[in-house]
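Enquirer: Below is the structure I would like to discuss, written out as C-alpha cells.
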Amino acid sequence: MFYDKLTLFSIVVSRKQYIFAKYLEIAGILLCALYLYDFIVQYSITQYFIHNIHIADHYIVFHNDSNSMYIITGLALMIISQIILKGKDLKEEQEPTI
C-alpha cells in the first residue's frame with residue numbers, strides 16, 4: 001500500500017498535534033497539582049502553628065498565599081488541549097474517503 005506525500009504529511013501533522021495536545025494536558029495537570037500541593041503545605045503549616053504556638057491576645061489566621069495563576073493557567077492549558085483534540089477529530093471526520 002503506497003501513500004502519496006500529502007497523506008503521509010497529514011498523518012505526521014495529526015500525530016504531532018496529538019502529541020502537542022497531550023503535552024499541554026500534562027502541563028495543565030501538573031500546574032493544578034502544584035497549586036494543590038502549595039495550598040496543602042501552607043494550610044498544614046498554619047494549622048501546626050495554631051495548635052503549637054500560643055501568644056497572649058494574638059490569633060494565627062490562615063491566609064491563602066498560593067499563586068492562583070498556577071490553577072488558572074493549568075485549567076486553561078487543559079481546555080486548550082481538549083479543543084485541539086476535538087478539532088483534530090472533526091477535521092478527520094470531514095476528510096472525504098476515496
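Enquirer: Can you find even one residue in the stretch 53-71 that is closer than 29 Å to Leu90 by Cβ, open to solvent by 90 Å² or more (accessible area, probe 1.4 Å) and either among the aromatic types (Phe, Trp, Tyr) or not in a helix (DSSP H, G or I) (or both)?
Expert: No, every residue in the stretch 53-71 fails to be closer than 29 Å to Leu90 by Cβ, open to solvent by 90 Å² or more (accessible area, probe 1.4 Å) and either among the aromatic types (Phe, Trp, Tyr) or not in a helix (DSSP H, G or I) (or both).
Enquirer: Working carefully through the options Tyr37, Tyr48, find the one that is within 24 Å of Met69 (Cα to Cα), aromatic (Phe, Trp, Tyr) and modelled with pLDDT of 90 or more. Walk me through it before giving the result.
Expert: Values: Tyr48 fails: within 24 Å of Met69 (Cα to Cα).
One residue alone meets the criteria, Tyr37.
Enquirer: Out of (1) surrounded by 14 or more Cβ atoms within 10 Å (Cβ to Cβ); (2) out of contact with any Gly (no Cβ under 9 Å at 6 or more places or on another chain); (3) in a helix (DSSP H, G or I), the odd one out for Ile40 is which?
Expert: Unmet for Ile40, out of (1) surrounded by 14 or more Cβ atoms within 10 Å (Cβ to Cβ); (2) out of contact with any Gly (no Cβ under 9 Å at 6 or more places or on another chain); (3) in a helix (DSSP H, G or I): (1).
Enquirer: Which condition number in (1) at pLDDT 90 or above; (2) of a type in the set (A, V, I, L, M, F, W, C); (3) in a loop (DSSP other than H, G, I, E, B) is the one that Phe2 fails?
Expert: (1)
Enquirer: For the stretch 31-82, which residues satisfy the criterion of being of a type in the set (Phe, Trp, Tyr) and out of contact with any Ser or Thr (no Cβ under 8 Å at 6 or more places or on another chain)? Walk me through it before giving the result.
Expert: Here is the first cut: in the stretch 31-82, the ones of a type in the set (Phe, Trp, Tyr) are 35, 37, 39, 43, 48-49, 59, 62, 70.
If the condition is that a residue be of a type in the set (Phe, Trp, Tyr) and out of contact with any Ser or Thr (no Cβ under 8 Å at 6 or more places or on another chain), then Tyr37, Tyr43, Tyr48, Phe49, Tyr59, Tyr70 are the ones that fit.
Enquirer: Within the stretch 26-68, which residues are charged (D, E, K, R) and without any contact (Cβ under 8 Å) to a residue 24 or more places away in the chain? I'd like the intermediate steps shown before the answer.
Expert: Initially, the stretch 26-68 is screened for residues charged (D, E, K, R), giving 38, 57, 65.
Asp57, Asp65 - these are the residues of the stretch 26-68 that are charged (D, E, K, R) and without any contact (Cβ under 8 Å) to a residue 24 or more places away in the chain.
Enquirer: So, one more: What number of residues within the stretch 18-37 are in contact with a helix residue (DSSP H, G or I) (Cβ under 6 Å, 6 or more places away or on another chain) and open to solvent by 70 Å² or more (accessible area, probe 1.4 Å)? Break it down stepwise before answering.
Expert: Of the stretch 18-37, the ones in contact with a helix residue (DSSP H, G or I) (Cβ under 6 Å, 6 or more places away or on another chain) are 21, 24-25, 27-28, 31-32, 34-35.
Okay, now just the ones that are also open to solvent by 70 Å² or more (accessible area, probe 1.4 Å), so 34.
Qualifying residue count, the stretch 18-37: 1.
The values are calculated or read from the model by the stated rules, or taken from the named source; none is laboratory data. Because the structure is a prediction, the values reported are computed rather than measured. Neighbour counts run over all protein chains shown; Cβ positions are idealised from the backbone, glycine included. Ligands, DNA and RNA are excluded from the accessible area calculation, which covers all protein heavy atoms including side chains. Shrake-Rupley method; radii C 1.70, N 1.55, O 1.52, S 1.80 Å.
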